Amino acid sequence: MRARAVICGILGLLLAGSVPAFSTAAPQNSARLPDPPHTLAEIPVYLAVDAGSGAVLAARRPDLSFVPASLTKVMSVYLAFELMAEGKLKPQQSFTFSSDSWKRWHDRGTGMHLKPGESVPVDALLHGMTTASANDACVALAEGYAGSVEGWAMLMNAEAKRLGMRHSHFASANGWPDGGQTYVSARDLVTLGEALIRRHPALYARYFGKKRMVWNGVTQENHDPAIGVIPGADGIKTGFTHEAGYGFLGSAVRDGRRVLIVIGGAHSEAERAEAARTLMAWSFAVWESRRVFVRRTPVASAKVQGGAQRSVGLLASQDIAIAVPRGKPPQVRMTLRYRGPLVAPIRQGTEVAELEIAVAGLAPSRIPLVAATGVSEAGPFDRLRNGLAGLWE
């Protein structure tokens, strides 16, 4: 997308409204930002992102691909949620855990202790995957729906491509070591976590953030280091193998503001817990969120070519906020970006542009904007009218 306009008019409205600290001055890359917590000094990979603005609050090697271990299960769950939303998978349907799968998986890592030939509802499998980190549940779901783990992994990769996860690949449904064929990056994990929550909020609330589960008479605890410890923490997933170390994709929400974090390659469970809790607490204590647009609010307009209208309004597809250090007046620059003019027909609600938000010292973030109305192709009268109007521009 190429830049079309800097939205100074919008900033002017905000200056007169509820966010008086805004400035139209260009952000300065040299602006001093809060230092990450010192407890992260030995963590190979970490990332903290403000979900409302997409702002990166702290990062080390966010695009480095690494072995995810059980963090892989987040993509398996996301794929299941997508299939459920499409009506292709139902929580009450059951899949049978085959005898061959039991032989391969009954003693390999964490599991639901599924029995050979046992028929298990999808609902229970998902709880097993999210709370007990059950390897056997992932295999039962993958083979039950796609016929094989390989077929399920193909669907996982298709979803990853749709989400723009450029530094990730999946060859496993559960993250069991596979010689490095399955890998992710911290930034891709945050993309996945944000999509999981934004696209499927009810399913997310149902399956994530639970402290324990019981299946076949066995109670298993969730290893999430933040749930019940950090206010607002509601997931998402831990991971561990000797190859990967200790990892975590976490999320917490307070007063409508959500933060997602990633810890990768911690050397012990205790180190992961301390790093995760510190980074999450720091993200709320040191940073604050300032809302600039409410979802469905008009933001700008874009030119349209060959349409019954010569322009279309653009709406915020979600609440738009900026993340700023507490107590510091931010310098903000907003730029409308789209590849234009847009070409009719345009369907209402289609993502057609982005609002780039640059806060001094932070990398710019981009928020999707959608067409406020549909624009049909121009008829003869529309073309005449548009042509006459163009003479006066």
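Based on Cβ point charges of +1 for Lys and Arg and -1 for Asp and Glu, what charge dipole magnitude is obtained for the chain about its Cα centre, in debye rounded to the nearest 20?
The dipole of the chain has a size of about 1280 debye.
Answer with one residue from Val120, Leu163, Ala41: the one whose Cα lies farthest towards the positive end of the charge dipole of the range 38-285, charges on Cβ with Lys, Arg +1 and Asp, Glu -1.
Leu163
Modelled label-to-label distance, Arg296 and Ala363, 7 Å Cα→beta-carbon offset: nm?
Once both label points are built, they end up 3.3 nm from each other.
Filter the DSSP H helices in the chain by two things, a Kyte-Doolittle mean of at least -0.5 and an axial alpha-carbon span of 15 angstrom or more, and list the hits by number.
Going by DSSP H runs, the hits are 72-85, 135-146, 149-163, 186-199, 269-285, 380-391.
Taking 30 Å as the cut-off for C-alpha to C-alpha distance, list the pairs among Lys90/Lys161; Lys237/Lys328; Lys88/Lys115 that go past it.
Listed pairs above 30 Å: Lys237/Lys328.
In the chain, what % of DSSP beta bridges are antiparallel (nearest 5)?
Percentage antiparallel, nearest 5: 95.
Using the Cα atoms of the range 178-248 to build a convex hull, what is its mean projected area in square nanometres?
Its Cα hull, projected and averaged over all orientations, spans 6.4 nm².
Using a Förster distance of 22 angstrom, determine the FRET efficiency expected from the C-beta separation of Thr219 and Arg254, and round it to 0.05.
0.15
Can you give me the Cα centroid spacing of the range 37-54 and the range 166-183 in angstrom?
A separation of 23 Å, based on Cα centres.
When a/c is below 1.5 the answer is rounded, else prolate if a/b is larger than b/c, else oblate, so apply that to the range 74-187 with a ≥ b ≥ c taken from the square roots of the Cα gyration tensor eigenvalues.
It comes out oblate by the Cα gyration axes.
Beyond 19 Å, what percent of the Cα pairs of the range 271-342 remain?
58
Give me P(r) over the range 38-285, computed from all C-alpha to C-alpha distances, binned every 10 Å, as integer percentages.
Percent of Cα pairs in each bin: 8, 35, 38, 16, 2, 0.
Using the per-residue mean of other Cβ atoms lying within 10 Å as a proxy for protection, in what order, highest first, do the peptides 94-104, 346-356 fall?
346-356, 94-104
Nearest 0.05, what FRET efficiency do Glu86 and Arg32 give at R0 = 45 Å with Cβ-Cβ as r?
Computed FRET efficiency for Glu86 and Arg32 comes out at 0.45.
From the helices alone, meaning DSSP H stretches of at least four residues, give me the mean residue ellipticity at 222 nm for the chain, per-run term -39500 (n - 2.57), in deg cm²/dmol to the nearest 500.
Helices in the chain give a 222 nm mean residue ellipticity of -9000 deg cm²/dmol.
Just need the relative contact order of the chain here, percent rounded to a whole number, with Cα pairs under 8 Å and 6+ apart.
Once divided by the residue count of the chain, the mean separation gives 21 percent.
Using +1 at the C-beta of Lys and Arg and -1 at the C-beta of Asp and Glu, which of Ala363, Pro225, Ser94 has the Cα lying farthest in the positive direction of the dipole of the chain?
My answer, from the dipole projection, is Ala363.
For the range 63-133 and the range 289-332, what is the centre-to-centre distance using only Cα atoms, to the nearest Å?
So the separation of the two Cα centres works out to 39 Å.
What distance in nm separates the simple spin-label points at Glu269 and Gln305, each placed 7 Å from Cα in the Cβ direction?
About 6.0 nm separates the two model spin labels.
A short reminder: the numbers here are calculations on the coordinates, not readings from a lab. Please read these numbers as outputs of a predicted model, since none were measured by experiment. Glycine gets a Cβ as well: all are built from the backbone with ideal geometry, and neighbour counts include every protein chain shown.
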